[in-house]
There are 2 protein chains.
Amino acid sequence: MAEPQYLSGNSPAISAFLDKFDTFLIDCDGVLWSGDHVFDGIPETIKLLQNKGKRTVFVTNNSTKSRKEYYAKLSSKGIPCQVEDIFGSSYSAAIYISRILKLEPPRNKVFVLGEAGIEAELASEGIAYLGGTDPKYRKLGMEPEDFAGIADGSALDPDVGVVLAGLDFHINYYKLAHAHGYLCGNHASKDANKSGKAVFLATNMDSTLPMCHSFFPGAGSASVVALSNMTGDQPLALGKPSQAMMDAVEGKFHLDRSRTCMIGDRLNTDIQFGVQGHLGGTLAVLTGVNKKADWEKADAPAVPAYYVDGLADLRG
Amino acid sequence: MAEPQYLSGNSPAISAFLDKFDTFLIDCDGVLWSGDHVFDGIPETIKLLQNKGKRTVFVTNNSTKSRKEYYAKLSSKGIPCQVEDIFGSSYSAAIYISRILKLEPPRNKVFVLGEAGIEAELASEGIAYLGGTDPKYRKLGMEPEDFAGIADGSALDPDVGVVLAGLDFHINYYKLAHAHGYLCGNHASKDANKSGKAVFLATNMDSTLPMCHSFFPGAGSASVVALSNMTGDQPLALGKPSQAMMDAVEGKFHLDRSRTCMIGDRLNTDIQFGVQGHLGGTLAVLTGVNKKADWEKADAPAVPAYYVDGLADLRG
């Protein structure tokens, strides 16, 4: 494994780096911003890449926002982009459900642990869903009838074929119990013609969410591992580093993998995504979750080809 | 490993079994009842054991009820017992905090993920706590100031020295985010004289809770693994199969381990608890989580010495 090349402050190396790629897949949280705080020089850096004729695609595991909402956030921060240049884990999951799973009646609904971003992307693919932001599921505590109804399936929708878990700031026991009931197939007993457990999907497995220069529960921690710990089954995750997402990105953007570079802050999502996808390169930034010491460990999940202190250092 | 002996319907074998033990440590959920449904013949079986001069101690990982509440439940179901014969994971955790950790000011508070049972046991040991059932923490969703206050520690209590995670039917993102902030030591930055991260304890690690002949999220799934997945650290668990609990049980009841039998439904808590504690015997019942096929697997967490279809079969 070659030593990652440090680019910050090295103009000739930056020029050589930029010449190698046509397309940059760019993670958002921890690369462009932390929460609502955009790092210095980011808009200018993205403009520079675009002015050099590079395609910039924003690839995010954050499932709470739809592509349109991401577009609005990027634009409001002065980062130039098109809706079509955004690829989120919610969108990735919606495409997987509609085009690969091809759910059909009578098991064609998705039970959602997540926010409006997931709902918007499911709706954009014409997929029926429940749970999500429905106030009915924003409930704390359990009544005796909640336990009984989930246990015997009478409180569950017999049409649910998928449980999709993402980042949910309104996660609670009542929602988790419903999701677990679907994964166990409790709802199938209501109709002898319908059987089996719901398919377990996750938008992403990120353990933490970088916010306000600190870390908060990520989708992986607040909803996904809770469910896998109960069922003993791992979900199919549709966000980075899942190569199902890479295939979808490649299919949509018709990119030449050898001329594409993944930029991100997290080794076990972003950098692993690029390495396993056999991209031409990977660039780690140190403004997010992982630091240099992390990839120097023997059990590092992935090692980048290049690194900079912050993305804005690419301005040279 | 000897084959477990099947006792149901075999009166001579049951007599020989009973003669071997003076004390029975008895799990509750999945052994005596499922939720509020007491299995047939349970009160009579417990009376039979007591009439034969056996000591019956109820050892439960369910942290939602205090010993007093457990006593009320057992009594209401016609199961004869004393408060002193009940040993729960909340009580186990409270004892560990007060007598082993011996928290002292200014880091002497416990942040609780759990229900009133934990609070009652902490109070019985004179331990200050926050979180728990406080309505302030029964909140869905996150405001921008919630993220900011947890990140910089201004919304956290600088006196917190322990995060204690148990089964919480009101678990939510806001509570998890507070617990994570304490485990990361975000609150320490408020006072230069106080530093370090809170100690991570769990009442128990049960992945599921048997209720209504079905399974629901257990403490391990709904709160503990969410936090360990974020921090990368495992808590010290004070419930079965933790031998910290066995030591506390032995200390309290002055039992002769060789004349003590653990009775339970779950291999990775109850049976493992008895095997690792070098008790004279372990008895599995098939009215709860695990079945015969589970201990016949090569990777079974523990194998019982005896088993019955249901505890009431001990009546012979």
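Values quoted throughout were computed directly from the atomic coordinates according to the rules given, and no laboratory measurement underlies them. Quantities reported herein were computed from a predicted structural model and do not represent experimental measurements. Note that each Cβ is placed from the backbone with ideal geometry, even for glycine, and that neighbours are counted across all protein chains shown.
The residues neighbouring B:LYS20, those whose beta-carbon lies less than 13 Å from its own, together hold a net charge of +1 under the Lys/Arg +1, Asp/Glu -1 convention.
Across region B:206-238, the residues whose backbone nitrogen lies under 16 Å from the label position 7 Å along the beta-carbon direction of B:ASP247 are B:236-238. The Cβ shell under 9 Å around B:VAL162 holds other residues with a net charge of +2, Lys and Arg each +1, Asp and Glu each -1.
Long-range amide H contacts for B:LEU209: which residues qualify at under 5 Å (H placed 1.01 Å from N, peptide plane, sequence gap of 5 or more or a different chain)? Amide H neighbours of B:LEU209: B:PHE216, B:GLY218. Looking at region B:90-237, the DSSP beta bridges with both ends there are about 20 percent antiparallel. Note that region A:3-13 has calculated 3J(HN,Hα) couplings of 5, x, 8, 8, 9, 3, x, 10, 4, x, 5 Hz, one per residue in order, obtained from phi through the Karplus relation 6.51 cos²θ - 1.76 cosθ + 1.60 (θ = phi - 60°); glycine and proline are x. Within region B:1-27, whose backbone N sits under 17 Å from a point 7 Å along Cα→Cβ of B:ALA298? Zone members listed by number: B:1. The convex hull defined by the C-alpha atoms of region B:90-237 has an orientation-averaged projected area of 8.6 nm².
Listed cross-link partners A:LYS139/B:LYS68; A:LYS197/B:LYS292; B:LYS68/B:LYS292; A:LYS139/B:LYS65 are compared with a 26 Å cut-off, the Cα-Cα value being larger for A:LYS139/B:LYS68; B:LYS68/B:LYS292.
Taken as Cα centroids, region A:69-91 and region B:198-224 sit 39 Å apart, rounded to the nearest whole angstrom. The antiparallel fraction among DSSP beta bridges confined to region B:21-163 stands at about 10%.
If both residues of a DSSP beta bridge must be in the protein assembly as shown, then about 15% of such bridges are antiparallel.
For region A:229-235, the Karplus equation 6.51 cos²θ - 1.76 cosθ + 1.60, evaluated at θ = phi - 60°, returns couplings of 5, 6, 8, x, 10, 8, x Hz by residue, with Gly and Pro reported as x. Each Lys and Arg Cβ is given +1 and each Asp and Glu Cβ -1; about its Cα centre, region A:1-124 then shows a dipole of about 400 debye. Please report the net charge: other residues with Cβ closer than 12 Å to the Cβ of B:SER221, K and R +1, D and E -1. Neighbourhood net charge equals -2. Relative intensity of the protein assembly as shown on a log10 scale, I(q)/I(0) at q = 0.05, 0.06, 0.10, 0.12 Å⁻¹, equals -0.26, -0.37, -0.93, -1.21, per a Debye sum over C-alpha point scatterers of equal strength in the absence of solvent.
The 3J(HN,Hα) values that the Karplus relation (6.51, -1.76, 1.60; θ = phi - 60°) gives for region A:107-123 are, in residue order, 10, 10, 10, 10, 8, 9, 9, x, 9, 4, x, 5, 4, 4, 6, 4, 4 Hz. Gly and Pro appear as x. Going 7 Å from the Cα of B:HIS37 along its beta-carbon direction, which residues of region B:209-240 have the amide nitrogen within less than 13 Å of the resulting point? Zone members listed by number: B:210-215.
For A:GLU3 and B:LYS68, the FRET efficiency from 1/(1 + (r/R0)^6), where r spans their Cβ atoms and R0 equals 60 Å, is about 0.45. Taking only alpha carbon atoms, region B:1-89 gives an Rg to Rh ratio of 0.98, where Rh is the Kirkwood radius. The amide H of A:ASP36, built 1.01 Å from its N in the peptide plane, has A:CYS212 as neighbours under 5 Å, considering only residues 5 or more places off or on other chains. Here's how it looks for A:TYR129: its modeled amide H is under 5 Å from those of A:VAL110, which are all 5 or more places away or on a different chain. Copy-to-copy label distances for A:LYS102, where each label lies 7 Å from Cα along Cα-to-Cβ, are 7.0 nm in order of increasing length. Sorted from shortest to longest, the distances between the B:LYS252 label points of this copy and the other copies are 5.6 nm, with each point 7 Å from Cα along the line through the beta carbon.
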